[in-house]
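Student: Below you will find the structure I want to go over with you.
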Amino acid sequence: MRQIIQRTVDQVGSVVLGKETQIKLAIACLLSEGHLLIEDMPGMGKTTLAHALAKVFNLSYNRIQFTSDILPADIIGAPIFDKDQGTFVFHEGPIFNQLILADEINRTTPKSQSALLQAMEERQVTVEGEARTLPEPFFVIATQNPSNQAGTFPLPESQLDRFLMRIELGYPDPIAERILLQDQDRRVLIGTLETAINLLELKELQQACKGVKVSEALLDYIQRIIAYTRETAEFTHGLSPRGAMALLASAKSWAFMHDREFVVPEDVQAVLPSVVEHRLREASDFWDHVGTALAQRLLNNVDVIG
Amino acid sequence: MYQIPRNALALMLVSIALVILSHVMRLPIWVTLMCIGCCAWRVMVFHGRWSFPGRWVKAFFVFGSFLGVGFGYGTLLGLEPWVGMLVIALVLKLLEMHRKQDAYTVVVLAYFVALTEFLFEQSIPYTIYMYVTITVITSALIGLNQAEVSPKAAFIKASVMLAQAIPMMILLFVLFPRIGPLWTVPVQSNVAKTGVTDSMSPGNIAELVQSDALAFRATFEGEVPAYSQLYWRGLVLSYFNKGHQSWTQERPGLYGRTLQGKNDVAAWKDNMEYLGDPVKYSVIMEPTNQNWVFSLTLPEMTEQERLGLVRDFRFYSFQEIRARFQYELTSYLDYRTDVELTDFWRHRYTLLPEDDNPRTRALGETLRADSISDDDYLSQVLRHFMAEGFAYTLKPPMLEGNTIDQFLFETKRGFCEHFAGSFVYLMRAGGVPARVVVGYQGGEFNRRGNYVAVRQFDAHAWAEVWMEGQGWIRVDPTAVVAPQRIQEGLEFAVEGEEFLADVGLSPMKFRSTLWITELRLQFSALNHYWDAWVVGYSPTMQMELLNRYLGKIDRKTMGMYLLGGFFTIFALVALFLLMKRSSRKLAPVEKEYLRYCQYLAGQGLARAVGEGPIDYGRRVASARPDLAPGINAVTNAYVRLNFAEDRPGEPELLRKAYRNLRIRSFA
């Protein structure tokens, strides 16, 4: 099992250079059956990462470019009249794929955003009163530009909460960047990637992640973290129970990926910033959703030992 | 554009209202109206109906109110105009609250204006009021920083914060070195204070006794003398002014030297003979804006600052008493003074204006001719007061012209000043040296505080007569006419007339209702302690107190105690926090692991609060490669025991690993 995971990490890492932590987090997210939000400037390799993941995991892939005029039907699909049969036939939209890259999700209007987000939560869409199940597995990687850029509709807290993790890619380090400049085009490289894992194996891995052991002491630690966000004045609001579950699920996957049958506090700490930053807001901060400093405070101030 | 949080603005307006309310009696009415106007304007700005005032409007307000204060008070110097300016600045700043910093400025100003209240009032009710005000201001500050906190929650939080500050406050109050003021600000004195004045004409004192205001409190060491012995001498009036028909003080130049300090020398110092037992007492006087202080005869010289003993055996303060003033004296109720009287003084004390009150003079001469000695003459005069149908009343008729003649022969109804004034006049007409003394007589004894409270309605005038071989003796003609006044007090002497008719609702009117009296006495005793120990806590008193409880002390040791006190408080807080922390129940494995952490902390490798065991183990192992195997063993054992199973396992494995680590580190 461990070899499979290592292989996927290596494969993706050969295209997305110098971002091993982010790749691991993205895979952990996938293993936890959660959705991923990547927030960064344009041109940082968000698409490349998504595309590489699809290829390595052998998932059907589609990309939805969100613009300010996109409509829900453009995402979900719409019934179209078939002249030959004389009936309306439903044409599936791009959402009927296993891995969706929802690019620049905060550039579109709340109406279209919510169409996607509802699909993410329920894993089905309802068109004309008929529920249509989305493929299994269903994994959304959404990207967004930093919310203070012009022409953005920031996602509300309720929708941010649907994403298991939010990561930033950041600039590559100089060595990685040198290779990037010397090497071939990324798109070509993605084509050369090998599938490292099949659907069945992915299912097994996801099941195995759920089976990772969690001790009372660790649950205490997680609850202390949750309580800290709820009791300390510097947070506008505490973490929701969904946030707590997200933290636990991610930590389990992380532990599994690191070849442990049980979760240790370090696993929680490794995934904590990605899981909580977009769910927290500083009390004195009305505009930005960036909880980076807050996550750091949680790491520093909540005692690992009872 | 900064929009102040709604709750913060509401709390801010309430605190400004509270702050200004305490000053409102001293402020011109237009300032109060301006305050209300500015607050209303700010509310309208908040609702977006009005805009902030423009630059010219603000300039107009500032200079206009500057001039207004100058004209309103007649001066720009002095405390009241300054406080007025400060209040105006506070409310105008409300209209300039564009940014968060401005809001902070308003809060700080509010604190400052609240503080100035203590320049005028230091009583218990005001202190409680100020405490509440400060709490509200603090909650406004909280509201400013935490916009989503409700006003009630902010107030509760502020109360808790202030309550927590009380130990520190007491410590600072008691121990912080007290320094005299570096500068003083004149408190405007046009506010009339009631009290005895330095000239006495019929009607003066009768007016004064309409007030129940406190004059002073005297605490006795030991037994309090009998009521009829409590003659508080304030002023001696020995010159009759014909034009005003009033008794006034002797020209100060005639008296010669005023004694200051026990070792001061003056020729007349030997004219005082102390007999009997001393009576020790301490007096806290309310401000009078006058120089005279009150003492029982005959006071002994004192080292008290500011006080001097005048030729007529009473004390005088070199500075006007503008604030509550405390002094300690020893008096001898049995005494002899001026056994010998020089011809000059005999002349001065029998001096009467020419062609004045002829009927009184004639009466004096007749009675003198009938009597065999000065003593006899005195008794004859007193008998005259007793026999001729004189009455003691709070509402004496108005007198005009030769007032003494009019009183003695026509109206015959008067108050103490009528009796004392006419009696001295009559004695002088018969050639006997006599003078009027003004002060207070009696006072209410408070058993709880063992002090006597003397109020304005205890004001009294009596006489002193010089007798050959006896010196000056006290004669109180009022005692002859209305003995109850001297033995029990005014309200018993004027039965049938309404006591304190001009005062509204006063607890003093209900002296016969037991529980009101009880309550009043309790509160009064509390006030007394407050004045004596809190308001009157002066540099000298601080030194005395600290010397008594902490031994010989100087500024340096005082600072040490202060620091010590600080650290004690901090240590207690820290201890409390620690107790709270360790109250969580730890599994044996965790306890054992913490022991290991503590051991490593002793080696200079403490675990950070948020550091997980594996990270910690890695860090420590790289810092101490010699211990690395042992540390890894402990870490593995701990992680396995604490996290691998649902419930923490038995700590044996961990204990063993830890022991091995210790043994290895010794080797």
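Student: Out of all the residues in the range A:108-118, is one or more over 15 Å from the mean Cα position of the chain (by Cα), at positive phi and of a type in the set (D, E, K, R)?
Tutor: Looking for residues that are over 15 Å from the mean Cα position of the chain (by Cα), at positive phi and of a type in the set (D, E, K, R), one finds none in the range A:108-118, hence no.
Student: Condition (residue is within 26 Å of B:Glu491 (Cα to Cα) and modelled with pLDDT of 85 or more) applied to the range B:344-366: is it met by at least one residue?
Tutor: The answer is no, given that none of the residues of the range B:344-366 is within 26 Å of B:Glu491 (Cα to Cα) and modelled with pLDDT of 85 or more.
Student: Kindly provide the set of residues from the range B:600-622 that are surrounded by 15 or more Cβ atoms within 10 Å (Cβ to Cβ) and either in contact with a strand residue (DSSP E or B) (Cβ under 6 Å, 6 or more places away or on another chain) or more than 14 Å from chain A (Cβ to nearest Cβ) (or both), ordered by number.
Tutor: Across the range B:600-622, the qualifying residues are B:Leu605, B:Val620, B:Ala621.
Student: Select from the range B:292-326 the residues that are among the polar types (S, T, N, Q), in contact with a Phe, Trp or Tyr (Cβ under 7 Å, 6 or more places away or on another chain) and at pLDDT below 85 and list them in ascending order.
Tutor: Matches in the range B:292-326: B:Thr297, B:Gln304.
Student: If we scan the range B:110-121, do we find a residue that is farther than 19 Å from B:Gly84 by Cβ and free of Cβ contacts under 8 Å to residues at least 12 places away in the same chain?
Tutor: no
Student: Now for a different question. Just a yes or no: is a residue in the range B:579-591 touching a residue at least 60 places away in the same chain (Cβ under 8 Å), away from chain A (no Cβ under 14 Å) and either surrounded by 13 or more Cβ atoms within 10 Å (Cβ to Cβ) or not in a helix (DSSP H, G or I) (or both)? Quick ask: steps written out before the conclusion?
Tutor: Going through the range B:579-591, the residues touching a residue at least 60 places away in the same chain (Cβ under 8 Å) turn out to be B:587-589, B:591.
If we keep only those that are away from chain A (no Cβ under 14 Å) as well, we get none.
The answer is no; no qualifying residue exists.
Student: Could you please find all residues in the range A:131-160 being in a loop (DSSP other than H, G, I, E, B) and modelled with pLDDT of 85 or more?
Tutor: A:Leu134, A:Pro135, A:Pro137, A:Phe138
Student: Among (1) buried (at least 17 other Cβ atoms within 10 Å of the Cβ); (2) of a type in the set (Lys, Arg); (3) in a loop (DSSP other than H, G, I, E, B), where does B:Arg42 come up short?
Tutor: In the conditions (1) buried (at least 17 other Cβ atoms within 10 Å of the Cβ); (2) of a type in the set (Lys, Arg); (3) in a loop (DSSP other than H, G, I, E, B), B:Arg42 misses (3) alone.
Student: As an exercise: evaluate B:Gly564 against (1) touching a strand residue (DSSP E or B) at 6+ places or on another chain (Cβ under 8 Å); (2) at pLDDT 85 or above and give the number of the one condition it does not meet.
Tutor: (1)
Student: B:Arg647 - would you say it is out of contact with any His (no Cβ under 7 Å at 6 or more places or on another chain), modelled with pLDDT under 85 and assigned to a helix (DSSP H, G or I)?
Tutor: Considered against the rule, which asks whether it is out of contact with any His (no Cβ under 7 Å at 6 or more places or on another chain), modelled with pLDDT under 85 and assigned to a helix (DSSP H, G or I), B:Arg647 comes out as no.
Student: Of everything in the range B:18-55, what is within 27 Å of the chain's Cα centre (by Cα) and either over 23 Å from B:Tyr111 (Cα atoms) or of a type in the set (Gly, Ala, Ser) (or both)? Give them in sequence order.
Tutor: B:Ser22
Student: B:Arg359 passes all but one of (1) within 19 Å of B:Phe419 (Cα to Cα); (2) surrounded by 16 or more Cβ atoms within 10 Å (Cβ to Cβ); which number fails?
Tutor: (2)
Student: Taking helices (runs of 4 or more DSSP H) that fall entirely within the range A:186-278, which contain at least 2 residues that are free of Cβ contacts under 8 Å to residues at least 40 places away in the same chain and either away from every other protein chain (no Cβ under 13 Å) or farther than 20 Å from A:Leu25 by Cβ (or both)?
Tutor: A:186-192, A:199-210, A:216-231, A:241-257
Student: Among the candidates B:Asn636, B:Asn642, single out the residue that is under 21 Å from A:Glu266 (Cα atoms), in contact with a Gly (Cβ under 9 Å, 6 or more places away or on another chain) and within 9 Å of chain A (Cβ to nearest Cβ).
Tutor: Among B:Asn636, B:Asn642, only B:Asn642 is under 21 Å from A:Glu266 (Cα atoms), in contact with a Gly (Cβ under 9 Å, 6 or more places away or on another chain) and within 9 Å of chain A (Cβ to nearest Cβ).
Student: Next up: For the range A:11-47, what are the residues that are at pLDDT 90 or above, touching a strand residue (DSSP E or B) at 6+ places or on another chain (Cβ under 6 Å) and not hydrophobic (A, V, I, L, M, F, W, C)?
Tutor: Passing the criteria: A:Gln22, A:His35.
Student: Considering only the range B:458-473, I want to know if a residue exists there that is modelled with pLDDT under 90, farther than 20 Å from B:Ile205 by Cβ, surrounded by fewer than 21 Cβ atoms within 10 Å (Cβ to Cβ) and among the small types (Gly, Ala, Ser).
Tutor: Yes.
Student: Got a sec? Which strands (runs of 3 or more DSSP E) wholly within the range B:209-324 have at least 3 residues that are out of contact with any Ser or Thr (no Cβ under 9 Å at 6 or more places or on another chain), surrounded by fewer than 20 Cβ atoms within 10 Å (Cβ to Cβ) and touching a residue at least 12 places away in the same chain (Cβ under 8 Å)?
Tutor: Details: elements: B:214-221, B:231-241, B:246-249, B:272-285, B:307-309, B:315-317.
In the range B:209-324, B:272-285 are the strands (runs of 3 or more DSSP E) which contain 3 or more residues that are out of contact with any Ser or Thr (no Cβ under 9 Å at 6 or more places or on another chain), surrounded by fewer than 20 Cβ atoms within 10 Å (Cβ to Cβ) and touching a residue at least 12 places away in the same chain (Cβ under 8 Å).
Student: Moving on. Does B:Leu367 fit the bill of being under 15 Å from B:Phe419 (Cα atoms) and buried (at least 18 other Cβ atoms within 10 Å of the Cβ)?
Tutor: So B:Leu367 does not fit the description; no.
Student: Scan the range A:165-184 and give yes if some residue there is assigned by TED's automatic domain parsing to the domain that holds A:Thr21, loosely packed, with under 12 Cβ neighbours inside 10 Å, among the small types (Gly, Ala, Ser) and more than 20 Å from the chain's Cα centre (by Cα), otherwise no.
Tutor: The answer is no; no qualifying residue exists.
Student: I've got another one for you. Which of the following residues is acidic (Asp, Glu) and farther than 13 Å from A:Ala142 by Cα: A:Asp69, A:Asp40?
Tutor: Among A:Asp69, A:Asp40, only A:Asp69 is acidic (Asp, Glu) and farther than 13 Å from A:Ala142 by Cα.
Student: Continuing with this model, one more query. Working carefully through the options A:Val89, A:Val125, find the one that is within 17 Å of A:Arg162 (Cα to Cα), in a strand (DSSP E or B) and not acidic (Asp, Glu).
Tutor: A:Val125
Student: Hey, A:Gly211 hits all of (1) under 30 Å from A:Ile4 (Cβ atoms); (2) among the small types (Gly, Ala, Ser); (3) touching a helix residue (DSSP H, G or I) at 6+ places or on another chain (Cβ under 6 Å); (4) surrounded by fewer than 20 Cβ atoms within 10 Å (Cβ to Cβ) but one; which does it fall short on?
Tutor: It fails just one condition, (3).
Student: Among the residues of the range B:393-419, which ones are buried (at least 22 other Cβ atoms within 10 Å of the Cβ) and touching a helix residue (DSSP H, G or I) at 6+ places or on another chain (Cβ under 6 Å)?
Tutor: Across the range B:393-419, the qualifying residues are B:Ile404, B:Phe407, B:Leu408, B:Gly414, B:Phe415, B:Cys416, B:Glu417, B:His418, B:Phe419.
Student: Still on this model: Check B:Pro177, B:Pro202, B:Pro167 and return the single one that is part of a helix (DSSP H, G or I) and either within 23 Å of the chain's Cα centre (by Cα) or at pLDDT below 80 (or both).
Tutor: B:Pro167 is the lone residue from the list that is part of a helix (DSSP H, G or I) and either within 23 Å of the chain's Cα centre (by Cα) or at pLDDT below 80 (or both).
The values are calculated or read from the model by the stated rules, or taken from the named source; none is laboratory data. These numbers were taken from a predicted model, which means no experiment stands behind them. Heads up, the Cβs are rebuilt from the backbone with ideal geometry, glycines too, and the neighbour counts pull from every protein chain shown.
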